[in-house]
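Readers should treat all values here as calculations from the given coordinates under stated rules, not as data from a laboratory. Small disclaimer: the values here were computed from a predicted structure and weren't measured. Note that each Cβ is placed from the backbone with ideal geometry, even for glycine, and that neighbours are counted across all protein chains shown.
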Amino acid sequence: MKASFKSTFLFFLFLGFGFTACSQQKVIPAAAQIPTYIKLLAEHKVGVVANHASVISKNKHLIDTLLSLGIKVQKVFAPEHGFRGGADAGEKISDQKDPQTGLPIISLYGSQRKPSNQNLAGVSIMLFDLQDVGVRFYTYLSTLHYIMEACAENNIPLILLDRPNPNAHYIDGPVLEQDSKSFLGMHPVPIVYGMTIGEYAQMINGEGWLKNQIKCDLNVVKIKNYTHNTPYDLPLRPSPNLPNSQAIALYPSLCLLEPTQISVGRGTEMQFQIYGHPELTEGKFTFTPKSNFGAKYPKLENQLCHGFDLRSYNVADKIEIKWLLDAYSSFPKPKSFFKEGFFRIAGTKKLKKQIQDGRKEKQIRSTWDEGLDKFKITRLKYLLY
C-alpha cells in the first residue's frame with residue numbers, strides 16, 4: 001500500500017514538473033529555427049520580404065544571418081515604413097541600396113505595392129518574415145497578399161516564417177465589406193481576426209482571394225511552443241508608432257480615431273495609448289504632439305490637446321468603440337468630426353452612419369454578429385495552433 005502510494009505520488013510529482021516545464025517553454029518564432037528552413041534555401045537565389053523587426057534575436061537580423069551562412073540573398077522587398085523601419089505611416093519609400101549589406105531594396109510602399117516581373121528576375125525562392133499585430137488595417141497583410149500573388153504568377157515558391165500575433169486571443173469588429181476594400185483592408189475579415197500571419201496566408205490561398213484565384217506555392221514554418229492564448233511581448237516595436245505591448249493591445253480600438261479630428265498620440269512617445277484634441281476640454285490629461293521619429297508632421301502638431309491617458313488601462317478582449325462614441329458626442333463640431341476615408345479603417349460605411357444616427361454601442365455591436373459568426377467558421381480551416 002505504501003509502495004503504491006509512493007509510486008502514485010512520484011508519478012503526479014513528475015507530471016506536475018512536466019506541466020511546469022511545458023508552461024515555461026520559450027516561444028520560438030520560425031525565424032529563430034534556422035536548421036528548419038536553411039536547407040530549403042541552400043541551392044536557391046533568394047528574395048526576402050523583411051524589415052527592421054525581421055530578427056532572430058533582438059540584435060541579430062535575419063538578413064545578416066542568412067548572408068553569414070552563405071545563402072545567396074539577391075534582393076530585399078520592404079513594406080510600409082521601409083527595411084530599416086524609420087519611415088512615417090503612409091510615407092512613400094523609393095527603391096534604394098542597403099548601406100549595411102549592399103543589397104538592393106525594392107520598395108513595396110512607393111510607386112508599386114506588388115513586385116513586378118522585373119523585380120523578381122533572378123529570384124528562385126522567396127522568404128517572407130514580417131511581424132504582424134493581428135489587425136486588418138495593418139498593411140503588412142496587403143503586402144503579403146501581393147507577394148503571394150506575384151510569386152504565384154512567376155512560379156516562385158514562398159516560405160513564410162511565422163511569428164506570434166500579440167492580438168491572436170480574440171476576434172472582433174465589423175467584417176470588411178467589398179465597397180470598403182483598399183490597401184488598408186483587402187479581405188472579408190474582421191478588424192481583429194485571431195490568426196498568425198502564417199495562418200492568414202493559408203486563408204488567402206485557400207479562399208481564392210488572389211487574382212483569378214491563382215494559388216501560391218506556400219510553405220509555412222511554424223512557431224514552436226505557441227498557442228493563440230500564449231502571452232508574447234515583441235522584442236522590437238513592429239512599426240514606429242507601436243512602441244510597446246499596451247499600444248499594440250489598444251491599436252485595434254484607437255485606430256478608429258485616426259481618420260477623425262482626434263489625435264491618438266502620434267508625435268509623442270505615448271502613441272496609441274492616449275487620445276485627445278484641443279477642444280475636448282473635459283479631458284483631464286494633456287499632451288502636445290511634436291515632430292518625432294515616425295511622425296514628422298503629426299496631427300495637431302504643437303497644439304495643446306486635452307484628452308485621456310490609457311497607458312494603465314486594462315485592455316479587454318474586444319474592440320472598445322466607447323472612446324470613438326465618446327469623442328464624437330463630446331466634439332463641438334460633429335459635422336467635421338470624421339475625415340474622408342473613415343470607412344477604409346472601419347471596413348464598412350455603416351459604422352459612421354450608425355454613430356451619426358446616435359446608435360448605442362450594444363446596437364452597433366449586434367450588427368457585427370452575423371459576419372463574425374461566418375468568419376469564425378472560415379478561420380477554423382486554416383489554424384495551425
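For the peptides 70-76, 286-292, 47-53, what is the packing order when you average, over each peptide's residues, the other Cβ atoms within 10 Å and list the highest mean first?
Sorting 70-76, 286-292, 47-53 by mean packing, highest first, produces 47-53, 70-76, 286-292.
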- Where labels lie 7 Å past Cα in the beta-carbon direction, separation of ASP357 and THR101 in nm: 5.1
- Message: On the principal axes of its Cα set, how long, how wide and how thick is the chain? Give whole Å, largest value first.
- Response: 74, 66, 39
- 222 nm [θ] for the chain, helices only, -39500 (n - 2.57) per DSSP H run of 4+, per residue, to 500? -8500 deg cm²/dmol
- Query: So what are the ³J(HN,Hα) numbers for the range 253-261, from phi and the Karplus equation (6.51, -1.76, 1.60; θ = phi - 60°), rounded to whole Hz, Gly and Pro as x?
  - Reply: 8, 6, 5, 5, 8, 4, x, 10, 6
- Note on the structure: Note on the range 158-264: alpha-carbon gyration tensor, axes a ≥ b ≥ c; rule is a/c under 1.5 for rounded, else prolate if a/b larger than b/c, else oblate; result oblate
- Counting DSSP beta bridges with both ends in the range 30-221, the antiparallel % (nearest 5): 25
- Note on the structure: Restricted to the chain, the DSSP antiparallel beta bridge percent, nearest 5, is 50
- Task: Return the Cα extents of the range 30-221 along principal axes one, two and three, sorted largest first, each rounded to a whole Å.
- Result: 46, 33, 33
- Query: Is the shape of the range 245-348 best called rounded, prolate or oblate, per the rule: a/c under 1.5 gives rounded, else a/b larger than b/c gives prolate, else oblate, with a ≥ b ≥ c the square roots of the Cα gyration tensor eigenvalues?
  - Reply: rounded
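What ranking, highest mean first, results for peptides 362-373, 188-199 when packing means the other Cβ atoms within 10 Å averaged over each residue?
188-199, 362-373
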- Long-range HN-HN contacts of ARG266 with modeled amide H, under 5 Å: PHE272
- Task: Quickly rank 275-285, 57-67 as a protection proxy: mean count of other C-beta atoms within 10 Å, highest first.
- Result: 275-285, 57-67
- Note on the structure: Inter-part gap, Cα centre of the range 303-375 to Cα centre of the range 167-184, in whole angstrom, is 14
- Message: I'd like the Karplus ³J(HN,Hα) series for the range 158-172: coefficients 6.51, -1.76, 1.60, θ = phi - 60°, whole numbers in Hz, and an x wherever there's a Gly or Pro.
- Response: 10, 9, 10, 8, 6, 9, x, 9, x, 10, 7, 8, 8, 9, 6
- In terms of Cα to Cα distance under 18 Å, which aspartates and glutamates are near enough to LYS26, apart from those fewer than 8 places away along the same chain? ASP162, ASP233
- Using the count of nearby Cβ atoms within 10 Å as a rough guide to exposure, how do ARG311, ARG163, ARG379 rank from fewest to most? ARG311, ARG379, ARG163
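Wrap a convex hull around the Cα atoms of the range 309-362, take a quarter of its surface area, and give that in square nanometres.
On the way: hull surface 18.8 nm².
Its Cα hull, projected and averaged over all orientations, spans 4.7 nm².
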- Message: Can you tally the net charge around LEU380? Count Lys and Arg as +1, Asp and Glu as -1, for every other residue whose Cβ sits under 15 Å from the Cβ of LEU380.
- Response: +1
